[in-house]
Amino acid sequence: AGIEFADIVSTVSKGYAEEIKGYPDFAGVNVTGIRNGIAEQRYRFAEDSGFTDVTEGDFWEIKQNNKAKLQEKLGLEINPELPVICMVSRLSVVKGIEVVKNITRQILSIPAQLVIIGDDDVVGSTDEAGGRPYENFFNMIASEDEKLPKMLAYRRFSEELEYQTYAGSDILLM
């Protein structure tokens, strides 16, 4: 019924949109694909954020500045030697969050800093107490040991934080 009455149907990629247009259920339906990943347009950081747009000429200097700003903002240890690994995603089994959950302690023992930005998938992800299991897990891990808050940061999704995280991280975990 949703497809039948929709003005437009969006999929996770242009390729998948083209693929499903061939199915009878999508005959005559306006189908479009929105590519997953980082938007191609340049994000402009607010001047007072301390983050800097990356330019080709000063890439490493700007990257180190953005990394320090991200570490500071998230309460991580400000250390240019520690790799910052980030995952910006909906916290869902289909996005691989269970894998990340299972190896969190191993990542932190590298040593590396881990930044998780995202919201628990609302469908089927509330725990027995009605909470958000992945959010609860990352917050619990961060509070287990006094050193971990300096190595692990979890925050709910915001577009501003998404771009700051990409700008300051060394490794994207997908």
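When the chain is treated as a Gaussian network with alpha carbon springs shorter than 10 Å, the biggest mean-square fluctuation among Glu18, Glu146, Glu77 belongs to Glu18. Estimated from helices alone, the mean residue ellipticity of the chain at 222 nm is -10500 deg cm²/dmol (sum of -39500 (n - 2.57) over DSSP H runs with n ≥ 4, per residue).
With each label modelled as a point 7 angstrom along the Cα→C-beta vector, the Val93-Glu18 pair spans 3.2 nm. Looking at the chain as a GNM with Cα springs under 10 Å, which of Tyr23, Tyr163, Tyr154 has the largest mean-square fluctuation? Fluctuation is largest for Tyr23. Cα centroids of the stretch 49-128 and the stretch 148-169: 5 Å apart.
In this structure, the pairs whose alpha-carbon distance is over 29 Å, taken from Lys14/Lys73; Lys14/Lys95; Lys73/Lys95; Lys14/Lys150, are Lys14/Lys73; Lys14/Lys150. For the chain, what relative contact order do you get, as a whole percent, if you take Cα pairs closer than 8 Å and at least 6 residues apart? Computed over the chain, the figure is 22 percent. Between Pro80, Pro149, Pro24, the GNM of the chain built on Cα springs shorter than 10 angstrom shows Pro24 fluctuating the most. Within straight-line reach of Lys101, meaning a Cα separation under 18 Å, sit the following aspartates and glutamates at least 8 residues removed in sequence or on another chain: Asp119, Asp120, Asp121, Asp127, Glu135, Glu144, Asp145.
Read-outs: derived from the displayed coordinates by stated rules, not from any lab. Here the structure is a predicted model, which is why all the values come from computation and not from measurement. Virtual Cβ from ideal backbone geometry, glycine too; neighbours counted across all protein chains shown.
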